[in-house]
Amino acid sequence: MKEFSVPMALVDYIPVLFFGLGVTIIANELYKEQRKGKGLLFLTGAGLVIAAGFLKATYKLLYALGVGEFAWMSDQFFSNQAFGFLLAGIALVLTVVKKEKAYSFLPTMALVGIMVVGLGALDAGLCFLASKAKKRNALVCFIVSFFLCLMMGYLSSKDFDKAFMNWVAQLINIAGQGLFYLGARFLKGTGLKDLI
């Protein structure tokens, strides 16, 4: 049984309201004259986010009032919110980035996103195995390695024409990959297959 109260459900509408008001201001400022293309993409994405939050809050309210459990209202939340933020984000990036740069910027950002998700999944899986193997030292290595790799992603947007930045990036990369290797060494011989 879920512990939703009516006050909790009503409070859940507040962030939806704030986001909706904020989106309205941004849409009026950026897309007042433009109701097609980027403006429509932005409003569609923002609308999905608002609808996702509204339905989730309504789900909690109906459950708290004892009307019933409408699982679809809760289940839709993450997928609609994710796609909504994606559409609104793409529209805003296309709005603020000059047209000739937008076509290289968006694929780069998509690849960065894929890389972060993949790296996060890799390290999360290894952390899980390290935890099951009771190898705290390996767990720490994988966590720190992940954050150092994220730092490398940040540094890749900086000016690498300067030798100093190259040295900083190389040292961070060596530390990150070195910790990954060390974590793997700590897991060696622990029978990882048996932990799954």
The helix 13-31 Cα axis meets the longest alpha-carbon principal axis of the chain at an angle in degrees, between 0 and 90 and rounded to 10, of 90 degrees
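What size of dipole, in debye to the nearest 20, comes out for segment 6-96 about its Cα centre when the only charges are +1 on Lys and Arg C-beta atoms and -1 on Asp and Glu C-beta atoms? Don't jump to the answer; show the numbers that get you there.
Values: 6 positive and 5 negative charges, 55 e Å.
That gives segment 6-96 a dipole magnitude of about 260 debye.
Could you compute the longest span of the chain free of trypsin sites (Lys or Arg not before Pro) located in DSSP loops and having at most 12 other Cβ atoms within 10 Å, not counting the site residues?
Details: sites that count: 2, 32, 35, 36, 98, 134, 158, 162, 188.
Longest run free of exposed loop sites: 37-97.
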Taking Cα atoms only, helix 77-96 is inclined relative to the longest principal axis of the chain by an angle, in degrees rounded to 10, of 90 degrees
Computed, not fitted: 222 nm per-residue ellipticity of the chain from DSSP H runs ≥ 4 (each -39500 (n - 2.57)), nearest 500, equal to -27500 deg cm²/dmol
Longest principal axis of the chain (C-alpha) makes with the long axis of helix 163-187 (C-alpha) an angle, in degrees to the nearest 10, of 80 degrees
Among (1) 183; (2) 118; (3) 145, the entry matching volume of the Cα convex hull per residue in Å³ as calculated here is (1)
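We did not get these values from a lab; they are worked out from the coordinates using the rules stated. These numbers come from a predicted model, not from an experiment. Glycine gets a Cβ as well: all are built from the backbone with ideal geometry, and neighbour counts include every protein chain shown.
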